[in-house]
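Below is one structure; the comments refer to it alone.
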Amino acid sequence: MAFRFKYIGEKTHQTFYLYNVDWSVGQIGGNVREDVMLVQVLLRIVFYELAGKGGLTPPPGNDGIAVDGYYGPVTQRHITQFQDEAAARSQNIKRDGVFDPFRKQGSLSHISHTRYSMELLNNFCSNLCDQNHMRNYDDMLLRDDIPTQLRNALKTVKTTAAQYR
């Protein structure tokens with residue numbers, strides 16, 4: 001189930017929250033409904049809500065991404081497009097079509113020694129929203145266009161994803 005991950009900023013010592021999933025989302029993921037919804041919301045922000053404001057280019061032939069919690073070909077195309085664009089921007093990311101839960105802010109995968117796509121997606125959304133003076137990311141729990149099921153899940157604050165317990 002999707003949740004918030006609390007961390008303290010290294011320079012400012014402020015408390016921040018990132019959004020994380022309990023189980024992998026993508027080609028070989030567990031694709032738990034709330035986890036898929038979270039990935040869909042973050043992909044919608046970075047591809048569509050930040051369009052023309054430093055956001056990423058959406059995959060060809062797509063008019064958007066539904067936040068329905070169901071993993072399918074549209075969600076997969078957006079995951080693949082995100083990983084391709086991040087790699088094109090010189091991010092150390094594994095292009096495997098999967099969003100695994102990240103272990104902590106700034107950590108690398110123990111297997112591939114690359115950044116977690118999920119953590120990088122959070123950073124893209126948060127930083128671009130801040131640069132554009134938008135609250136789309138920070139106010140996710142308050143947004144009416146976010147399914148209630150996901151908003152309720154994101155009220156939970158945890159330090160570790162269930163996948164790593």
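Bear in mind that the values in this text are calculations on the coordinates, not laboratory data. Everything numeric here is computed off the predicted structure, so don't read it as measured data. We place every Cβ from the backbone using ideal geometry, glycine too, and count neighbours over all the protein chains shown.
Pairs of lysines in segment 3-164 whose Cα atoms sit within less than 14 Å of one another amount to 4, provided the residues are eight or more positions apart or on different chains. With the highest mean first, a sort of the peptides 151-160, 69-78 on other beta-carbon atoms found within 10 angstrom per residue produces 69-78, 151-160. As a length-normalised measure over Cα pairs under 8 Å and 6 or more apart, the relative contact order of segment 33-111 settles at 26 percent.
Each Lys or Arg adds one and each Asp or Glu takes one away; over the other residues whose Cβ falls under 12 Å from the Cβ of I65, this sums to -1. Shape verdict for segment 68-165, please, from the Cα gyration tensor: rounded (a/c under 1.5), prolate (a/b greater than b/c) or oblate. Verdict is rounded for segment 68-165. Once the gyration tensor of the Cα atoms in segment 40-96 is diagonalised, the equivalent ellipsoid follows with semi-axes of 18, 14, 9 Å, ordered largest first. Computed from point charges on the beta carbon alone (+1 for Lys and Arg, -1 for Asp and Glu), the dipole magnitude for segment 1-77 about its Cα centre is near 200 Debye. Relative to the Cα centre, what is the charge dipole magnitude of the chain, using +1 at the beta carbon of each Lys and Arg, -1 at the beta carbon of each Asp and Glu, and rounding to the nearest 20 debye? Roughly 460 debye, rounded to the nearest 20.
Given an 8 Å cut-off on Cα distances and at least 6 residues of separation, report the relative contact order of the chain as a percent. It comes to 29 percent, rounded to a whole number.
Per-residue ellipticity at 222 nm computed for the chain from its helices equals -9500 deg cm²/dmol, with DSSP H segments shorter than 4 residues left out and the rest contributing -39,500 (n - 2.57).
Using a ≥ b ≥ c from the Cα gyration tensor of the chain (square roots of the eigenvalues), is it rounded, prolate or oblate, where a/c under 1.5 gives rounded and otherwise the larger of a/b and b/c decides, a/b for prolate? Rounded.
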